[in-house]
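Below is one structure, written out as structure tokens; the observations come after it.
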């Protein structure tokens, strides 16, 4: 479904980002997989490339570093003269009641979850506009849409992702650039599993399907938005939440 598409995915060292990169490579995409720590995904990238007969290319940079992000996009342009899909997945999360929010941590989370997303959209869509179109997929969260007790700061950043997605879609539609968001619910990643065991184990009963989602299920939805099956879909927020009640 993604044969030959050139894709940049941020935050692929584990969890949802890793699952998205893996699924894209399985569907034939050329994947530029971002992580912060130099060398951390080299082995996985090589194995995935060989297994799926495509290319998974590690690109190491902190998404907050605008110059490094620009260099990565320019490298993609040099290598392929195009960028078909950008997936903004890298993010920070916090679990704090309103009165306990650390404002400095919140500012850092805004930089990662919102500012870096805008910067990468700017960079990617300049290239997409010249080539006749592309797809931008932003990973938000169900809490950015519905809100939740104990995650005001995090939900504020993910709500911003939803808003910027809708606005960018309107600005870029005339260039055939689609901008959509995914809003996952409780997904069974290593990070959330640890939090669930400590504080939220009873929340499983709030999920209509009776279980947490799998990272691969988010990745499947991402494949749809990246592929030519969604060429008339833009400005949408697709929930991947198993009918959760917040």
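Please treat every number below as a calculation from the coordinates, not as lab data. Quantities reported herein were computed from a predicted structural model and do not represent experimental measurements. With ideal geometry, Cβ positions are generated from the backbone for all residues, glycine too; neighbour counts draw on all protein chains shown.
Taking the alpha-carbon centroid of each part, what is the distance from the range 26-57 to the range 78-134 in angstrom?
20
Run through the DSSP bridge list for the chain and note the antiparallel percent, rounded to the nearest 5.
Here the share of antiparallel DSSP bridges comes out near 5 percent.
Hey, with R₀ at 25 Å, roughly what FRET efficiency would residue 60 and residue 190 work out to, going by the Cβ-Cβ distance, to 0.05?
Working: r = 21 Å, r/R0 = 0.83.
Efficiency for this residue pair is about 0.75.
Pairing the Cα long axis of helix 66-80 with the longest principal axis of the chain, what angle in degrees results, from 0 to 90 and rounded to the nearest 10?
That helix lies at roughly 40 degrees to the long axis.
Return, ordered by residue number, the residues of the range 155-193 whose backbone nitrogen is under 19 Å from a label point located 7 Å along Cα→Cβ of residue 115.
Output list for this probe position: 155-165.
Which one of 105, 113, 180 has the biggest mean-square fluctuation once the chain is modelled by GNM with Cα springs under 10 Å?
Largest GNM mean-square fluctuation: 105.
Set the Förster radius R0 to 30 Å, insert the Cβ-Cβ distance between residue 171 and residue 3 as r into 1/(1 + (r/R0)^6), and round the FRET efficiency to 0.05. Walk me through the numbers before you get to the answer.
Values: r = 29 Å, r/R0 = 0.96.
The calculated FRET efficiency here is 0.55.
Before rounding to the nearest 500, sum -39500 (n - 2.57) across all DSSP H runs of length at least 4 in the chain and divide by the residue total; then give [θ] at 222 nm in deg cm²/dmol. List each step's numbers first, then the result.
Numbers: 9 runs with 106 residues, N = 246.
The per-residue figure over the chain is -13500 deg cm²/dmol.
Evaluate the relative contact order of the range 38-105 (contact order divided by residue number), counting alpha-carbon pairs under 8 angstrom at least 6 apart; express in whole percent.
Normalised by residue count, the contact order of the range 38-105 is 16 percent.
Compute the relative contact order of the range 116-246 as a whole-number percentage, counting only Cα pairs closer than 8 Å that sit 6 or more residues apart in sequence.
It rounds to 30 percent for the range 116-246.
Taking the Cβ of each residue in 189, 231, 157, 12 as the centre, tally the other Cβ atoms inside 10 Å and list the residues starting with the fewest.
Least to most surrounded, the residues fall as 231, 189, 157, 12.
Hey, in the GNM for the chain with a 10 angstrom Cα cutoff, which one of 161, 117, 73 fluctuates hardest?
73
Taking other Cβ within 10 Å of each residue's Cβ, how do 51, 214 sort, fewest first? Present the calculation step by step, with values, prior to reporting the outcome.
Values: 51 12, 214 15.
Fewest-to-most Cβ neighbours within 10 Å comes out as 51, 214.
Relative to the first principal axis of the alpha-carbon coordinates of the chain, what is the inclination of helix 42-52, with its axis defined by its Cα atoms, in degrees from 0 to 90 and to the nearest 10?
Value to nearest ten degrees: 70.
In the set [x] 21.0; [y] 17.5; [z] 18.1, which value of Kirkwood radius over Cα pairs in Å was calculated from the structure you see?
[z]
Roughly how tilted is helix 15-26, in degrees to the nearest 10 and between 0 and 90, from the longest Cα axis of the chain?
30
How much length is gained on full extension from residue 103 to residue 75, taking 0.36 nm per residue of separation minus their Cα-Cα distance?
The span from residue 103 to residue 75 would gain 6.5 nm if fully extended.
Ranked by Cβ crowding within 10 angstrom, fewest neighbours first, how are 190, 96 ordered?
Ranked by crowding around the Cβ, least crowded first: 190, 96.
What does a probe at residue 92 reach in the range 126-152, counting residues whose amide N is under 15 Å from the point 7 Å along Cα→Cβ?
Answer for the range 126-152: 152.
Would you mind calculating the relative contact order of the chain from Cα pairs under 8 angstrom and at least 6 residues apart, reporting the percent as a whole number?
Once normalised by length, the contact order is 20 percent.
Picking from 172, 97, 83, which is most flexible by a Gaussian network model of the chain using Cα springs under 10 Å?
Answer for the Gaussian network model of the chain: 97.
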